[in-house]
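The values are calculated or read from the model by the stated rules, or taken from the named source; none is laboratory data. Because the structure is a prediction, the values reported are computed rather than measured. Ideal geometry is used to build each Cβ from the backbone, glycine not excepted, and the neighbour counts take in all protein chains shown.
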Amino acid sequence: MSIALSVRLPESLAKELNNVASMTERPKSFLVQKALESYLHDQADLQIGLDRLRDTSDPVISIEEMRKEIGL
């Protein structure tokens, strides 16, 4: 099931989206969906990293220690 969403874009971004859609022969909606999926995935990864960084029970090791552990 799809849900329609209306978004306002700056003219320059809309032109760039149109150009990419023309070059790739993909609908603008497809490109926006893929961009949003990528952004949300990156945000989730960032949040995991920040949560781990703030977790005082999660040990922090140096790059040298990490290299030793993986045999480099």
>> So, restricting to helices (runs of 4 or more DSSP H) that lie completely within the range 6-72, which ones have at least 1 residues that are modelled with pLDDT under 95 and either in contact with an Asp or Glu (Cβ under 8 Å, 6 or more places away or on another chain) or surrounded by fewer than 10 Cβ atoms within 10 Å (Cβ to Cβ) (or both)?
In response: 28-54, 63-70
> Given Leu40, Leu17, Leu36, Leu31, which one is in contact with a Ser or Thr (Cβ under 8 Å, 6 or more places away or on another chain) and under 20 Å from Leu5 (Cβ atoms)?
Replying inline: Leu31
